[in-house]
1. By the scheme Lys and Arg +1, Asp and Glu -1, what is the net charge of all other residues having a beta-carbon under 14 Å from that of residue 348?
2. Hey, got the dipole for the chain? About the Cα centre, +1 on K and R Cβ, -1 on D and E Cβ, debye to the nearest 20?
3. So what is the relative contact order of the chain, in percent, for Cα pairs below 8 Å that sit 6 or more residues apart?
4. For segment 166-272, which trypsin sites (Lys or Arg not before Pro) pass both filters: DSSP loop (anything but H, G, I, E, B) and at most 12 other C-beta atoms within 10 Å?
5. Sum up the charges of everything whose Cβ sits under 13 Å from the Cβ of residue 24, counting Lys and Arg as +1 and Asp and Glu as -1, but leave residue 24 out.
6. Can you figure out the FRET efficiency of residue 161 with residue 368, using R₀ = 30 Å and their beta-carbon distance, to the nearest 0.05?
7. Which residues in segment 268-301 place their backbone N less than 20 Å from a point set 7 Å from the Cα of residue 237 along the Cα-to-Cβ direction?
8. Efficiency by 1/(1 + (r/R0)^6): what FRET value for residue 337 and residue 146, r their Cβ-Cβ distance, R0 = 51 Å, to the nearest 0.05?
Amino acid sequence: MPLGEVLKKSEESVSIDPNALYREVTIKLWGKGVVVRREASGTEIAAPRRALVRQGQFILSRIDARNGAFGLVPELLDGAVVSNDFPSFNLNLERLEPRFLEWLSKTSAFIDLCKAASEGTTNRVRLKEEKFLAMAIPLQPLAEQQRIVARIDELAAKIEEALGLRRQTVEEVEALCRSIVFGDSNAVPTPMYELVKQRGHDVQVKANQTYHFAGVYCFGKGVFRGQKKSGMDFAYKQLGQLKAGNFVYPKLMAWEGAFGVVPQECDGLFVSPEFPIFEIIKDRVLPETVDVYFRTPFVWPLIAGESTGTNVRRRRLNPKDFLAYKIPLPTMQTQLRLRQVMQKVMTLKLLQAETAAELDAMLPSILDKAFRGAI
């Protein structure tokens, strides 16, 4: 059945009051939902009128519908405003179950239809409403739609439960590791200059070479592989090359927990001089101990106290201040016990990584079967 048989474009709009506050909408890609973009005053919106959306409407982004940017308007966004690039549609509830359309819109087949309904040159591709509303979807009787939705919801809940157990397991093992580091009553406050040695940034940049950079996530998420850049694409004259087991942080974001020990997969990557690099003195402290300590949330405010800068967003943790910072250093016996636990944790994470792809593929498979009448 063509979508135009069950969807009707909403024409509701509102005059913008410069003194009022409005919620604006944004839509995540690949069916991830309709969420609040921001709250803005009428003067910030700078338009005399805006379209108004209502709970339960189907809304899409003309620009990114081909990338799965659509969904149902949640209760939180009832009465929010959008630009003309976000058309919304009322549903014929006598013929269409809203959750049926919501699940259907998460399928690759629906996204392919939206791609086919989009036209334009590069960077100006937009969904054409008349083509969108002419798209044919499989539409069973309302009772059958509701049965399909109930079955999908049941299976999706099981997947979410499995994902939740995975997250809980990771949180619990991380808490266990922290309890080992911070639970040693024999720990001795020790300055970092006794535990690490700063390395220089001694790689001379050449314009005709390519450098693969590393980065450090905030909030204790660790070191990651970044972008490859030509020596002509940045101004630094020298870079530092990481070795697995080094400790690194960005001066500017350290106060938000951007610390990490370099994993094996980042061995040999490069960082700018804004990322101090340290070799860990392993006969005093194990890399696992340093990693667990500096990726612990309650440590970050302590580090923030060592950072300098007049603006909270411009705080910088200089190496000399970091080296003077004292950590409660556990005994080597405790550190070796931590290493044993973390080895088991790594085995667990590898097992989880092997099953992650299966879990990720499960919901798309369920949706495909559901809309082919196979569940």
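1. 0
2. Values: 51 positive and 44 negative charges, 205 e Å.
With Lys and Arg at +1 and Asp and Glu at -1, about 980 debye.
3. On the way: 678 pairs, mean separation 52.2, N = 375.
That works out to 14 percent.
4. 206, 237
5. Once positives and negatives cancel, what remains is +1.
6. With a Förster radius of 30 Å, E is 0.90.
7. 271-277
8. Efficiency, rounded to the nearest 0.05: 0.40.
Any read-out appearing in this document is the output of simple, stated calculations on the displayed coordinates, not a laboratory observation. What you see is a predicted model; the values in this text were computed from it and never measured. Glycine also receives a Cβ, built like all others from the backbone with ideal geometry; neighbour counts cover every protein chain displayed.
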